Amino acid sequence: MPAIEIENRIKQMNPWILHPEKATHFLSRFIPGEYVQRKAETGPLRPNRALLVVGPRQSGKSTMVWHLLKHLTPNILFLNMEDPLLRTGCTSATDFSEYLRSSYPGLKALFIDEIQHMEEGGLFVKGLVDAHLEIPIVVTGSSSFDLKSKTRESLPGRATRRLLAPFSTAEMMSHAAPHNPVAARHLFDEIFSSQLVYGSYPSIYLSPEEDEKRTLLSDLVESLVLRDASDVFRIKRVDAFRKLLTLLAGQIGSLVSYSELAAICNVDVGTVNAYIEILEESHIVKRIRPFVGGKRREIIGAPKVFFIDNGIRNQLLNSFSRELSLRTDRGQLFENWVFTEIYKVLPIQSSLRFWRSKTKAEVDFILEHAGALHALEVKFSSFKTATVSRSSWSFMEAYHPKTFAVLNLTLEERTKMKDGEIEFTTPRSFSRWLEGIFKNLS
């Protein structure tokens, strides 16, 4: 049984339990008036199994969970593990499970927010699942939640993991619900151009003013760099960490040399690798490794680094021009946008790589899904006719992908290739190409 002060804190966090007639009023503060439906929200809640919602800070994890659980109000127990007092009372899953059974017999769901603040969050969730409370357990986490090895080892078979990244283009288009094809094309162009520069974080997307978008991005970057780096990960060289972030922002889509980055940041190569791992676990960047047909060479090959969100990348460089024709990095912005769209829907059992031959022939993205290869070449160009690069032909002849697409700005058509078809697709139809690959995913 928790101490009386911890019991009181739990009641303070859950006023709807004591006053169920006011549940709608209390819970309205957690769900904004304008809610964007998330793809990760689909799927049933299962008792005696945890749903882990992971993703970057401020990507909307808590909002989505409240929206997912709202039909169970007022019989939801909410625990925010940022609260240090609450953490001290949640060290034993067995004791806490007995407390729930005796004190909250009508409970229909348990929501644990910000679990990365718990020292052994994974083991605590494992204990709750194994206690067979017969209710869904929903958990959110970011940053160090995925860094704790014991968390990773303790939950196989007991949890379903869903990534919640910033909004995808498909989610934003579905939310806007244009009334006709002309309006849809116009709306897509507006969303797409904004995504390239400001990204897709919920607060930034829903903010109507560009000055406010920049302010929100600035605040977000500072919280990611200063709060997470200094407070969560205890990074001593925050200056080097910040410089590394800026350097990575300037070379998205390029091969990364750890030794060069280390020399510029005045740290060793091991530190650079550790910092990039932290950035990956915090869902800020993602390393993409080469596809060369051999696991050993994939591991030692130089990776590329992409940002999970274009807005974070541009904030680091203080680069917000909407005149894409005047931007020398427009190709990088486009390629990073493509990466983010793939990242948001890529199943956990699939992989994303790039291809580069010894003769420097390249294909931008190689998706491996359900035993098949799907290749994608990205060109920030307006195509009038179907043109395929020599690099693309080289990859197709060597690896015979199930599908091959060329993403460009204007041309949509299919053309025959030796073992199938090449599809020319545009940003407007890109999500359909991705859905076609993953449509059989259960």
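The values are calculated or read from the model by the stated rules, or taken from the named source; none is laboratory data. Everything numeric here is computed off the predicted structure, so don't read it as measured data. Cβ sites come from the backbone with ideal geometry, for glycine too, and all protein chains shown count toward neighbours.
Here is how the numbers come out for the structure above:
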| read-out | value |
| --- | --- |
| Some residue of segment 7-16 being surrounded by 15 or more Cβ atoms within 10 Å (Cβ to Cβ) and more than 30 Å from ARG158 (Cβ to Cβ) | yes |
| Qualifying positions in segment 74-99 - under 15 Å from MET13 (Cα atoms) and of a type in the set (A, V, I, L, M) | ILE76, LEU77, LEU79, MET81, LEU85, LEU86 |
| Entirely in segment 230-341, the helices (runs of 4 or more DSSP H) that have 3 or more residues that are hydrophobic (A, V, I, L, M, F, W, C) | 238-250, 258-265, 269-281, 310-317 |
| Residue under evaluation ILE348, criteria (1) touching a residue at least 60 places away in the same chain (Cβ under 8 Å); (2) touching a His at 6+ places or on another chain (Cβ under 7 Å), criterion not met | (2) |
| Qualifying residue in segment 176-187 (condition: of a type in the set (Val, Ile, Thr) and either at pLDDT below 90 or touching a helix residue (DSSP H, G or I) at 6+ places or on another chain (Cβ under 6 Å) (or both)) | no |
| Candidate set from segment 351-372 (those that are in a loop (DSSP other than H, G, I, E, B) and in contact with a Ser or Thr (Cβ under 9 Å, 6 or more places away or on another chain)); member that is surrounded by the fewest Cβ atoms within 10 Å (Cβ to Cβ) | LYS360 |
| Qualifying residue in segment 69-87 (condition: closer than 24 Å to VAL345 by Cα and either assigned to a helix (DSSP H, G or I) or free of Cβ contacts under 8 Å to residues at least 24 places away in the same chain (or both)) | yes |
| Given (1) at pLDDT below 90; (2) assigned to a helix (DSSP H, G or I), number of the condition VAL221 does not satisfy | (1) |
| Hits in segment 373-389 (condition: out of contact with any Gly (no Cβ under 6 Å at 6 or more places or on another chain) and part of a loop (DSSP other than H, G, I, E, B)) | LYS379, SER381, SER382, PHE383, LYS384, THR385, ALA386, THR387, VAL388, SER389 |
| Pairs with Cβ under 9 Å, 6+ apart, first in segment 190-213 and closer than 20 Å to LEU409 by Cα, second surrounded by fewer than 18 Cβ atoms within 10 Å (Cβ to Cβ) and of a type in the set (Gly, Ala, Ser) | ILE191/ALA176; VAL197/SER319; VAL197/SER321; TYR198/SER207 |
| Subset of segment 356-375 (residues that are within 26 Å of the chain's Cα centre (by Cα) and without any contact (Cβ under 8 Å) to a residue 12 or more places away in the chain) | GLY371 |
| In segment 102-116, the residues that are in contact with a strand residue (DSSP E or B) (Cβ under 9 Å, 6 or more places away or on another chain) and over 17 Å from HIS67 (Cβ atoms) | TYR104, LEU107, GLU114, ILE115, GLN116 |
| Residue in segment 59-73 that is farther than 30 Å from THR340 by Cα, of a type in the set (Val, Ile, Thr) and more than 30 Å from the chain's Cα centre (by Cα) present | no |
| Any hit, segment 387-401, residues being under 26 Å from ALA165 (Cβ atoms) and of a type outside the set (Val, Ile, Thr) | yes |
| PRO56 being surrounded by 19 or more Cβ atoms within 10 Å (Cβ to Cβ), in contact with a Pro (Cβ under 6 Å, 6 or more places away or on another chain) and either free of Cβ contacts under 8 Å to residues at least 40 places away in the same chain or not assigned by TED's automatic domain parsing to the domain that holds LEU217 (or both) | no |
| Members of segment 1-45 found to be among the aliphatic types (A, V, I, L, M) and at pLDDT below 85, listed by number | MET1, ALA3 |
| Set SER223, SER200: member being buried (at least 17 other Cβ atoms within 10 Å of the Cβ) and outside the structural domain of GLN37 (by TED's automatic domain parsing) | SER200 |
| Residues (touching a strand residue (DSSP E or B) at 6+ places or on another chain (Cβ under 6 Å), surrounded by fewer than 20 Cβ atoms within 10 Å (Cβ to Cβ) and under 23 Å from LYS360 (Cα atoms)) located in segment 403-431 | THR403 |
| Filter result (under 19 Å from PHE307 (Cα atoms) and over 19 Å from the mean Cα position of the chain (by Cα)) within segment 183-214 | SER193, LYS213, ARG214 |
| Verdict on THR91 being touching a helix residue (DSSP H, G or I) at 6+ places or on another chain (Cβ under 6 Å) and either among the hydroxyl-bearing types (Ser, Thr, Tyr) or more than 17 Å from LEU133 (Cβ to Cβ) (or both) | no |
| Residues within segment 88-97 that are of a type in the set (A, V, I, L, M) and in a loop (DSSP other than H, G, I, E, B), tallied | 0 |
| Criterion: in contact (Cβ under 8 Å) with a residue 12 or more places away in the chain, of a type in the set (Gly, Ala, Ser), farther than 25 Å from TYR399 by Cα and touching a Ser or Thr at 6+ places or on another chain (Cβ under 7 Å) - qualifying residue of SER321, SER257, SER282 | SER282 |
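Yes/no per residue for (1) outside the structural domain of LEU247 (by TED's automatic domain parsing); (2) out of contact with any Lys or Arg (no Cβ under 8 Å at 6 or more places or on another chain):
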residue: PHE320; (1), (2): no, no
residue: GLN332; (1), (2): no, yes
residue: ASN336; (1), (2): no, no
residue: THR340; (1), (2): no, yes
residue: LYS358; (1), (2): yes, yes
residue: PHE380; (1), (2): yes, no
